[in-house]
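Before any comments, here is the structure.
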Amino acid sequence: MAFNIPLPVCVINNQGKVLSANEHIGQVFLYDGIVDADIFTLTGIKCVDLYEAAASGEFPVLKRNEKIFNLIVCLEEIEAKSENADDYLEEKSPNLRILFQDITSYEDLKEKYRDEKPCVAKILLDNYDQLFEADSSVSKLGLSSEIDQIIRGWAGLVNGAVSMVKSSKYIVWFENKQLNKIINNKFELLDEVRNLETGYDFPASLSIGIGIGGHTIAETEEFADVALDLALGRGGDQAVIKRNSKIEYFGGTLPTVEKSNKGKSRIVGHALNQLIAQSGKIFIMGHKYSDMDSFGAAMGMYRFCVISERDPYIVIEDYNESLTSIFKQAKANEEYNFISCEKAIGLADKDSLVIVVDTHRPSMVQCPELLEKCERIVVVDHHRKVEEFIDTSVLAYMESYASSASELVTEILQYTGSKKSLAKIEAEALLAGLTVDTNGFAVKTGVRTFEAAAWLRRQGADPTEVKRFFQEDFENIKLKAKAISEAELFGDGIAISSCQQVQRDAQLICAQVADQLLTVRGARASFVVGRNEDMQTVISARSLGDVNVQVIMEKFGGGGHLTTAAAQVETSIDETVKKIKEIMEV
């Protein structure tokens with residue numbers, strides 16, 4: 001069949017066999033005689049996909065002979081072989097005509113455009129104040145010079161233009177084509193800076209935010225700011241790449257260094273006091289299935305509002321079983337305004353203030369609808385920042401170095417300037433929150449954690465009473481013992497177990513089992529999987545520090561800290577355990 005067109009063309013039948021081709025087809029296929037050949041063998045594209053392309057108008061692309069072709073596919077006109085053409089169509093699908101349009105130059109230009117698009121990296125020395133403040137010794141100047149040399153050396157590897165904005169911050173501009181080199185390099189400058197001798201008992205570390213793919217240079221820089229904010233919110237010592245809606249994380253091997261200066265707590269307390277004075281109704285809420293830390297922080301915030309001469313509401317819809325004792329005690333007091341989500345939505349208006357504690361994810365709060373109805377939102381949280389965060393907050397106090405939200409709230413309360421003390425139950429709720437999230441002051445504790453606990457003790461918190469809050473049913477103890485006895489400990493120190501029985505407090509039980517498994521000699525990290533009453537699979541992950549369980553839980557849609565993290569998924573317990581093993585390669 002001849003084609004009066006100066007482009008490569010061929011015709012195939014419904015079996016994918018080439019019926020004919022013109023003389024230009026040699027531009028696509030170097031060998032002769034493609035008639036009767038199979039189109040899938042020639043192109044790697046299935047015949048059925050070509051028919052679908054003809055129907056949809058979305059044409060496939062083929063790479064051959066260092067050229068790129070767009071395959072324009074259309075149905076051949078059919079000459080009826082019977083009196084009724086419809087009968088012929090039913091017997092046989094029409095043939096396809098394929099026109100090979102050379103788009104190599106266009107694709108090369110598109111690739112060059114992508115490669116040369118500007119990208120920006122913003123680099124911040126996390127602990128500059130602790131390393132250099134009020135110390136101008138020769139050794140410190142040498143450290144500063146070494147860090148500067150490492151950053152400029154890294155920028156040179158990617159042919160980037162580097163500028164020092166201030167002593168602790170750099171901006172590097174580079175082309176998009178360097179990105180793969182950066183990722184393959186795995187941000188070695190993080191390790192190089194971390195391995196420098198600082199003269200302190202903690203290392204230097206960097207946070208890097210990279211923006212890619214903005215429609216304008218300003219938008220690309222905005223992406224970098226968001227990425228750097230995420231890196232800092234997750235504890236530093238890591239790099240975050242943001243390209244449009246996609247975000248990637250690298251590094252994050254150091255536990256967050258505790259800040260010695262409490263000035264921020266005082267500033268947040270002052271700002272929060274002003275917001276309370278300017279707002280109508282005030283609502284306080286934590287995360288879904290409220291735990292001891294969430295509840296303790298909410299109780300502390302309640303007292304802060306009362307000191308500011310306001311009467312707030314605590315929104316609590318559900319809570320885990322460990323909270324039963326203290327919640328009943330607080331509710332019986334009749335001083336606290338505990339309300340449901342439905343009632344809170346009915347009372348709220350645009351002038352209301354919402355104080356969110358122990359989470360910064362809108363999908364995780366007790367009442368997500370409340371965030372949409374109120375314009376003023378305050379966030380107080382200690383978790384490492386994730387992509388999904390409350391970006392409409394007017395005040396956010398997020399410190400991943402802190403042991404708990406209760407610790408942050410306790411510090412804010414110390415700077416109220418009021419002589420009024422906490423109620424005994426409030427002090428004990430806050431101390432219980434501190435105790436739970438530090439696993440009895442054994443993990444993620446700093447000087448400020450113990451100072452907060454000491455202040456709560458002076459406010460009347462009774463450690464013996466707090467211990468009673470943690471008493472549990474004998475059946476739960478047996479269930480945990482069974483999960484521990486059936487745990488597997490793999491060669492590289494990864495302990496994995498599951499609680500097969502459906503439990504209302506599955507997350508708490510799994511967390512306690514995971515904590516216990518870390519006491520096994522040789523264990524570096526533990527993962528425990530269970531099932532709650534909503535038939536969701538819950539995962540608790542714990543680590544001694546050399547395994548970043550937060551990054552692993554983020555693969556399941558969860559989050560947390562380097563040493564403590566959790567997630568909820570829809571897959572079965574066995575499937576979830578299998579996926580954990582695949583990720584950990586055990």
- Residue list for the range 413-431, filter: in a helix (DSSP H, G or I) and surrounded by fewer than 23 Cβ atoms within 10 Å (Cβ to Cβ): Gln414, Lys424, Ile425
- Message: Report every pair of residues separated by at least 6 positions or lying on different chains whose Cβ atoms are under 7 Å apart, first residue within the range 266-279 and among the hydroxyl-bearing types (Ser, Thr, Tyr), second not in a helix (DSSP H, G or I).
- Response: Ser279/Asp351; Ser279/Ser352; Ser279/Leu353; Ser279/Arg376
- Query: If a residue has to be among the basic types (Lys, Arg) and either buried (at least 16 other Cβ atoms within 10 Å of the Cβ) or farther than 22 Å from Gly460 by Cβ (or both) to count, how many in the range 285-343 make the cut?
  - Reply: 4
- Candidate set from the range 505-553 (those that are charged (D, E, K, R) and closer than 16 Å to Thr563 by Cα); member that is modelled with the lowest pLDDT: Asp546
- Of those in the range 180-216 that are touching a Ser or Thr at 6+ places or on another chain (Cβ under 9 Å) and either assigned to a helix (DSSP H, G or I) or of a type in the set (Phe, Trp, Tyr) (or both), the residue nearest to Ser144 (Cα to Cα) is Val193
- Query: So which residues in the range 1-37 are assigned to a strand (DSSP E or B) and either polar (S, T, N, Q) or under 53 Å from the mean Cα position of the chain (by Cα) (or both)?
  - Reply: Val9, Cys10, Val11, Ile12, Lys17, Val18, Ser20
- Message: Of the residues Val577, Val586, Val547, only one is among the β-branched types (Val, Ile, Thr), part of a loop (DSSP other than H, G, I, E, B) and either over 20 Å from the mean Cα position of the chain (by Cα) or farther than 27 Å from Ser403 by Cβ (or both); which?
- Response: Val586
- Filtering the range 39-80 for residues that are over 41 Å from the mean Cα position of the chain (by Cα), exposed (fewer than 12 other Cβ atoms within 10 Å of the Cβ) and farther than 20 Å from Gln27 by Cα leaves a count of 3
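Among the candidates Arg234, Arg243, Arg194, which residue alone is more than 20 Å from Gly560 (Cα to Cα) and under 16 Å from the mean Cα position of the chain (by Cα)?
Working: Arg234 fails: more than 20 Å from Gly560 (Cα to Cα); Arg194 fails: under 16 Å from the mean Cα position of the chain (by Cα).
The match here is Arg243.
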- Selection over the range 302-341 where residues are closer than 16 Å to His287 by Cβ and touching a Cys at 6+ places or on another chain (Cβ under 6 Å) yields a count of 3
- Query: Just a yes or no: is a residue in the range 432-446 over 30 Å from Val569 (Cβ atoms), part of a helix (DSSP H, G or I) and in contact (Cβ under 8 Å) with a residue 60 or more places away in the chain?
  - Reply: no
- Item | Answer residue from the range 550-571, given it is touching a Gly at 6+ places or on another chain (Cβ under 8 Å) and part of a helix (DSSP H, G or I) and is surrounded by the most Cβ atoms within 10 Å (Cβ to Cβ) among those | Gln550
- Message: I'd like the residue in the range 188-203 that is hydrophobic (A, V, I, L, M, F, W, C) and surrounded by fewer than 19 Cβ atoms within 10 Å (Cβ to Cβ) and, out of all such residues, is modelled with the highest pLDDT.
- Response: Leu196
- Can you name every residue in the range 540-586 that is without any contact (Cβ under 8 Å) to a residue 24 or more places away in the chain and at positive phi? Gly557, Glu585
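Please work out if Lys242 is closer than 21 Å to Glu554 by Cβ and surrounded by 14 or more Cβ atoms within 10 Å (Cβ to Cβ). Before the answer, list the steps.
On the way: closer than 21 Å to Glu554 by Cβ: yes; surrounded by 14 or more Cβ atoms within 10 Å (Cβ to Cβ): yes.
Yes; evaluated as a whole, the condition is true for this residue.
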- Which members of the range 447-473 meet the condition of being outside any helix (DSSP H, G or I) and modelled with pLDDT under 90? Phe470, Gln471, Glu472, Asp473
- Selection from the range 1-21 of residues that are farther than 11 Å from Asn95 by Cβ, out of contact with any Cys (no Cβ under 6 Å at 6 or more places or on another chain) and either surrounded by 18 or more Cβ atoms within 10 Å (Cβ to Cβ) or among the basic types (Lys, Arg) (or both): Phe3, Pro8, Val9
- Top-ranked residue of the range 315-360 - restricted to ones that are among the basic types (Lys, Arg) and more than 28 Å from Val502 (Cβ to Cβ), ranked as nearest to the chain's Cα centre (by Cα): Lys350
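Please work out if Val158 is more than 23 Å from Leu232 (Cβ to Cβ), of a type in the set (Val, Ile, Thr) and either out of contact with any Pro (no Cβ under 6 Å at 6 or more places or on another chain) or at pLDDT below 80 (or both). Walk me through how you get there before you give the answer.
Details: more than 23 Å from Leu232 (Cβ to Cβ): no; of a type in the set (Val, Ile, Thr): yes; either out of contact with any Pro (no Cβ under 6 Å at 6 or more places or on another chain) or at pLDDT below 80 (or both): yes.
So Val158 does not fit the description; no.
Would it be correct to say that Asp462 is under 19 Å from Phe327 (Cβ atoms), surrounded by fewer than 20 Cβ atoms within 10 Å (Cβ to Cβ) and not assigned by TED's automatic domain parsing to the domain that holds Val513?
Details: under 19 Å from Phe327 (Cβ atoms): yes; surrounded by fewer than 20 Cβ atoms within 10 Å (Cβ to Cβ): yes; not assigned by TED's automatic domain parsing to the domain that holds Val513: yes.
So Asp462 passes the test.
In the set Val443, Val447, which member is surrounded by fewer than 20 Cβ atoms within 10 Å (Cβ to Cβ) and touching a strand residue (DSSP E or B) at 6+ places or on another chain (Cβ under 8 Å)? Give the steps one after another, and end with the answer.
Working: Val447 fails: touching a strand residue (DSSP E or B) at 6+ places or on another chain (Cβ under 8 Å).
From the options Val443, Val447, the qualifying one is Val443.
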- Message: Anything in the range 325-351 that is touching an Asp or Glu at 6+ places or on another chain (Cβ under 8 Å) and either among the small types (Gly, Ala, Ser) or free of Cβ contacts under 8 Å to residues at least 12 places away in the same chain (or both)? List them, or say none.
- Response: Ser340
- Query: Is the range 105-128 home to any residue that is under 21 Å from Ile208 (Cα atoms), modelled with pLDDT under 85 and in a helix (DSSP H, G or I)?
  - Reply: yes
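The values are calculated or read from the model by the stated rules, or taken from the named source; none is laboratory data. Note that this is a predicted model, so its numbers are computed, not measured. Don't worry about glycine lacking a Cβ; one is built from the backbone with ideal geometry, like all the others, and counts go over all protein chains shown.
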